[in-house]
Amino acid sequence: MTVTVARTPPLTDRPKPARRRSHRSSLVPWMFAAPAILFFVVFLIIPIGYSIYLSFRGFRVEGGGAFGRRVETWIGFDNYAAALTDPEFVAGLGRVLIYGVIAIPSVLGLALLFALLLDTPRVRARSFSRTAIFIPYAVPGVIASLLWGFLYLPSTSPVNFIARELGAGPLDFFGYPALYFSLANIALWSGVGFNMIIIYTSLRAIPSEIYEAARIDGANELQIAWRIKVPLVSPALVLTGLFSVIGTLQLYSEPATLRPMTTTISSTWVPLMKIYQEAFMNDNLGGAAAASVVLAGGILLFSLVLLRFFQRRTFGENS
Amino acid sequence: MSIAQAQGLNARSGIRPRRALTIGGIVATAALAFMLSGCSSAAESSSDGPVTLEFWTYSLKGGDPAAEAIIDTYEKANPGVTIKLSEVGGTAETSSKLLAADRANETPDVVQVEYRALPSLVVAGVVKDITADVADSKDAVDENVWELTTLNEQVYGVPQDIGPMMFTYRADLFEQYGAKVPTTWAEYAEAAAVIRAADPTAYIASFSATQFEFFAAHAAQAGAEWWTNDGESWTVGIDSEESLATADYWQDLVDRDLVIVEPLLTPEWNAQVNSGKILSWAAASWVPSVIYSVAPDTAGKWESAPLPQWTPGDAAVSFQGGSTFLVPEKSKNAKAAAEFAAWLGASDEGSELLLSLDIYPGGNAGREATLTADPPKLMPQQTDFYAVADQVITDTTIPVTWGPNVNVAQTALGDALNAAALNKESFRDVYKATQATVVEDLETQGYTVSE
């Protein structure tokens with residue numbers, strides 16, 4: 001730098017400072033980005049790298065004998081083979097899929113419906129309703145599950161009490177297939193508010209001239225909602241849909257919290273429960289790491305495919 | 001006595017946005033943190049200076065006056081020793097935390113776990129062989145209790161409490177319904193039918209597929225050995241004919257709707273125990289204090305008897321539950337730690353004091369003290385409770401060996417048995433499948449398994 005400055009003739013010379021600025025400017029962005037990069041590397045890249053490293057390692061007996069010591073060693077792709085051929089892991093993915101098929105459309109459908117209702121011109125108590133629908137989202141997942149769990153258990157459930165008083169048999173919220181709906185209901189209760197806010201925000205961003213034009217053309221509120229609002233908020237729908245899919249594949253705290261209450265939820269009911277079991281109950285960190293890598297890779301791939309598909313349809317003319 | 005608890009991993013799930021931080025990431029971050037913290041811990045010498053023993057226990061709770069009194073007694077008698085109590089969860093949680101702590105070189109000094117967790121910790125190289133340190137305590141503990149912590153002729157722990165197997169039941173309702181208190185498992189099935197006939201909403205007990213230790217003990221009573229070793233190789237007997245006979249027994253009761261399929265200690269189970277719809281629990285001497293904690297209003301209506309016999313006239317049983325104090329391999333104060341463990345578990349003073357925690361001491365002095373103690377709060381009227389329990393201990397002649405992969409068996413059996421009970425499938429097949437899983441896991445890890 002100093003050399004460059006020393007060689008710089010009088011200030012009137014234009015090109016040289018420009019070159020000096022380009023030198024500095026190549027460094028400045030990095031300095032601004034450095035904290036983010038540092039955190040990204042320390043808390044994301046290194047742990048992911050370490051996970052991948054762990055996924056190739058396992059405990060194997062050394063020295064022989066009935067009480068031979070288990071020592072951590074390199075075992076190649078054994079963990080991956082075990083994860084991919086594990087019937088419980090695959091069955092867990094299947095259960096998540098059933099849950100997702102029930103939960104995702106109902107959450108997004110209700111969220112869209114509420115957002116559209118809140119956006120109609122003559123709605124009353126708008127901010128109250130918005131807050132009321134949003135509040136369950138602020139309840140932590142474990143608390144929500146416990147709360148619903150008590151509503152589901154035959155002896156403690158007021159729903160069951162009423163059903164019994166009316167002469168109906170005890171309702172089994174934890175049986176099959178009711179269990180999937182009981183779990184989806186928890187997601188519905190806590191997830192609608194958040195998704196509604198995203199869609200609603202997107203609705204508010206639509207310029208009102210479009211509505212005026214539609215009204216002049218004779219469209220009623222229902223037609224405006226269906227023909228104008230829904231297509232215009234489709235990017236928000238794609239976004240919330242993607243969040244929901246990822247959230248579904250990472251389903252953990254609801255079934256894990258409800259598990260002690262019922263016999264129908266096994267300790268490996270969803271993939272993440274299986275991973276937890278391997279890591280912390282069976283002392284198989286390598287196996288858990290391999291299953292995590294498989295799951296994370298699967299989610300990434302699935303999300304990319306989904307995003308690609310919808311991007312072409314929603315933002316087709318833009319790209 | 002481990003009770004499955006809601007695992008509080010803070011991952012939010014369901015239809016919510018979230019950071020793409022999988023459990024794998026958490027595992028790795030935690031492991032990394034351990035690695036980093038491990039680097040900074042220099043080896044401290046265990047000289048004669050003041051030592052602080054970190055004690056992981058779920059029986060001695062900080063803030064509990066009885067536990068504080070025990071610690072005070074020891075600290076007064078041993079100036080310079082400070083005991084720091086910390087509760088890290090039940091046996092499963094304690095075991096996994098101990099494994100993590102060992103890999104981070106940050107272990108506590110004394111750890112309480114249930115006997116069944118000991119082999120898996122020993123093969124992980126986490127537990128110190130304290131045979132020489134506690135040799136003097138051997139005479140203060142009965143042979144069949146001391147054996148619980150001896151693997152391959154090496155001692156890995158000092159027994160804290162034991163679980164002589166007992167049948168705890170609602171004496172008032174058994175009498176009211178005309179059910180005979182069972183002395184054999186055949187009579188148990190008869191009593192179950194009598195109770196169902198007398199009150200169609202009541203059951204003799206719940207069938208909880210997750211009470212792995214009970215099934216192991218029941219199979220042992222019938223003559224099966226789930227894990228045995230000859231020092232070189234393992235033999236797994238979960239699918240032995242004796243073991244399968246107990247599976248058939250429970251299948252029959254479930255099929256005939258004589259027991260209700262329901263996990264233990266859920267809000268549902270607690271409500272049914274309180275309202276007199278679940279009438280008994282066959283397990284061990286720690287049952288009364290557990291029932292008292294969830295149904296204190298029913299105190300005075302319960303009694304305990306020896307466990308029903310599998311073969312009439314044969315009173316032999318094994319222990320169910322109970323726990324031991326172990327010293328981690330990497331403890332920096334191992335000598336002081338072993339001394340403390342021996343004092344608390346085996347000395348006259350220590351084992352008598354354990355009785356104040358409402359647990360059944362493993363040491364001889366504690367056992368003798370029970371005979372003059374008041375019965376548990378759940379059955380103040382049953383003055384011979386401890387006499388009955390003491391007889392059961394004398395009858396406890398079946399040694400149980402746990403294998404190095406008990407957790408694998410526990411998960412496999414619990415999940416499959418639950419599914420089989422719901423779908424009316426064969427329990428026998430579940431035991432056979434569990435056998436296959438356990439053998440395969442042992443072989444994968446590199447152990448020799450003989451037929």
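For the range A:149-206, just say rounded, prolate or oblate: build the C-alpha gyration tensor, square-root its eigenvalues into a ≥ b ≥ c, call rounded for a/c under 1.5, and beyond that prolate if a/b exceeds b/c, oblate if not.
prolate
Give me the inter-chain shielding for A:246-254: mean count of other chain Cβ atoms within 10 Å, whole number please.
Per residue, the number of nearby Cβ atoms from other chains is 6 on average.
Please give the charge dipole size of the range A:86-283, origin at the Cα centre, charges +1 on K and R Cβ atoms and -1 on D and E Cβ atoms. Round to the nearest 20 debye.
560 debye
For B:A416, what is the net charge nearby, where nearby means another residue's Cβ is under 11 Å from its Cβ and Lys, Arg count +1, Asp, Glu -1?
After counting each charged neighbour, the total is -3.
Could you do me a favour and compute the accessible area per residue for the range A:86-283, 1.4 Å probe, result in Å²?
Per-residue value: 44 Å².
Provide the packing ranking of B:123-131, B:109-117, A:85-93, i.e. peptides ordered by the mean count of other C-beta atoms within 10 Å per residue, highest first.
B:109-117, B:123-131, A:85-93
By average Cβ neighbour count within 10 Å, what is the ranking of B:274-287, B:160-173, A:203-216 from highest down?
Packing proxy ranking, top to bottom: B:160-173, B:274-287, A:203-216.
Just want the answer: with Cβ charges of +1 for Lys and Arg and -1 for Asp and Glu, which residue in B:L422, B:T131, A:F40 is farthest toward the dipole's positive end in the protein assembly as shown?
So the residue furthest toward the plus end is A:F40.
Heavy-atom accessible area per residue, chain B, 1.4 Å probe: how many Å²?
Using a 1.4 Å probe on heavy atoms only, each residue of chain B averages 39 Å².
Output the peptides B:426-436, B:334-344 sorted from most to least packed, where packing is the average of other Cβ atoms within 10 Å over each peptide's residues.
Per-residue mean Cβ counts within 10 Å order the peptides as B:334-344, B:426-436.
Compute the distance from the alpha-carbon center of the range B:256-335 to that of the range B:392-448, in whole Å.
With the range B:256-335 and the range B:392-448 each reduced to a Cα centre, they are spaced 20 Å.
Mind checking which aspartates and glutamates have their Cα closer than 16 Å to the Cα of B:K332? Skip sequence neighbours fewer than 8 apart in that chain.
Straight-line reach from B:K332, under 16 Å: B:E44, B:D48, B:E54, B:D102, B:E106, B:D109, B:D129, B:D133.
Between rounded, prolate and oblate, where does the protein assembly as shown land on the alpha carbon gyration tensor, with a ≥ b ≥ c its root eigenvalues, rounded for a/c under 1.5, else prolate if a/b exceeds b/c?
Oblate shape, in that a/c is at least 1.5 and b/c is the bigger or equal ratio.
Can you list which of the DSSP-assigned H helices in chain A have a Cα extent of 15 Å or more along the long axis and an average Kyte-Doolittle score of at least 0.0?
Membrane-span-like by this rule: A:87-119, A:141-152, A:178-204, A:234-249, A:285-314.
On C-alpha positions alone, give me the angle between the axis of helix B:427-445 and the longest principal axis of chain B, in degrees, nearest 10.
20 degrees
Roughly how crowded by other chains is peptide A:232-244, in terms of the mean Cβ count from those chains within 10 Å of each of its Cβ atoms?
1
Pairing the Cα long axis of helix B:65-77 with the longest principal axis of chain B, what angle in degrees results, from 0 to 90 and rounded to the nearest 10?
Orientation of helix B:65-77: about 40 degrees from the principal axis.
Let me spell out the model: positive unit charges on the Cβ of Lys and Arg, negative unit charges on the Cβ of Asp and Glu, origin at the Cα centre of chain B. What dipole size does that give, in debye rounded to 20?
With Lys and Arg at +1 and Asp and Glu at -1, about 1820 debye.
Count charges around B:A192 for me, please; just the other residues with Cβ under 13 Å from its Cβ, Lys/Arg as +1, Asp/Glu as -1.
With Lys, Arg at +1 and Asp, Glu at -1, the net is -3.
Enumerate the lysines that B:K301 could reach by cross-link, defined here as Cα to Cα under 21 Å, with residues fewer than 8 away along the same chain left out.
B:K180, B:K277, B:K377
What accessible area, summed over both chains, is buried at the A-B interface (1.4 Å probe, Å², nearest 100)?
5500 Å²
Determine the shielding of peptide A:291-297 by partner chains: average, over its residues, the number of Cβ atoms on other chains within 10 angstrom of each Cβ.
Taking the mean over all residues of the peptide, I get 3.
Before rounding to the nearest 500, sum -39500 (n - 2.57) across all DSSP H runs of length at least 4 in the protein assembly as shown and divide by the residue total; then give [θ] at 222 nm in deg cm²/dmol.
Helix contribution divided over all residues of the protein assembly as shown: -16000 deg cm²/dmol.
Among A:G169, B:F325, A:A225, which residue has its Cα positioned farthest towards the positive end of the charge dipole of the protein assembly as shown, with +1 placed on the Cβ of Lys and Arg, -1 on the Cβ of Asp and Glu, and the dipole taken about the Cα centre?
Farthest towards the positive pole: A:A225.
Of the accessible area of the range A:228-316, with the probe set at 1.4 angstrom, what percent is carbon plus sulfur?
71 percent
Mean 1/r over all different Cα pairs, inverted: what Kirkwood radius does the range A:86-283 give, in Å?
After inverting the pairwise mean of 1/r, the radius is 18.9 Å.
Please give me the summed charge of the neighbours of A:V270: other residues whose Cβ is under 12 Å from its Cβ, Lys and Arg +1, Asp and Glu -1.
Cβ neighbours under 12 Å give a net charge of +1.
When the accessible area of chain B is split by element with a 1.4 Å probe, what percent falls to carbon and sulfur?
51 percent
Angle between the Cα long axis of helix B:406-423 and the longest principal axis of chain B, 0 to 90 degrees, nearest 10?
30 degrees
Once you keep just the Cα pairs under 8 angstrom separated by 6 or more residues, what percentage relative contact order results for chain B?
Reported as a whole number, the value is 23 percent.
Using a Cα-Cα cut-off of under 14 Å, which aspartates and glutamates could be cross-linked to B:K138, ignoring same-chain neighbours fewer than 8 residues away?
List returned: B:E147, B:E153, B:E339, B:D348.
The values are calculated or read from the model by the stated rules, or taken from the named source; none is laboratory data. Everything numeric here is computed off the predicted structure, so don't read it as measured data. Don't worry about glycine lacking a Cβ; one is built from the backbone with ideal geometry, like all the others, and counts go over all protein chains shown. In case anyone asks, the SASA skips ligands and DNA or RNA and just uses the protein heavy atoms, side chains included. Shrake-Rupley method; radii C 1.70, N 1.55, O 1.52, S 1.80 Å.
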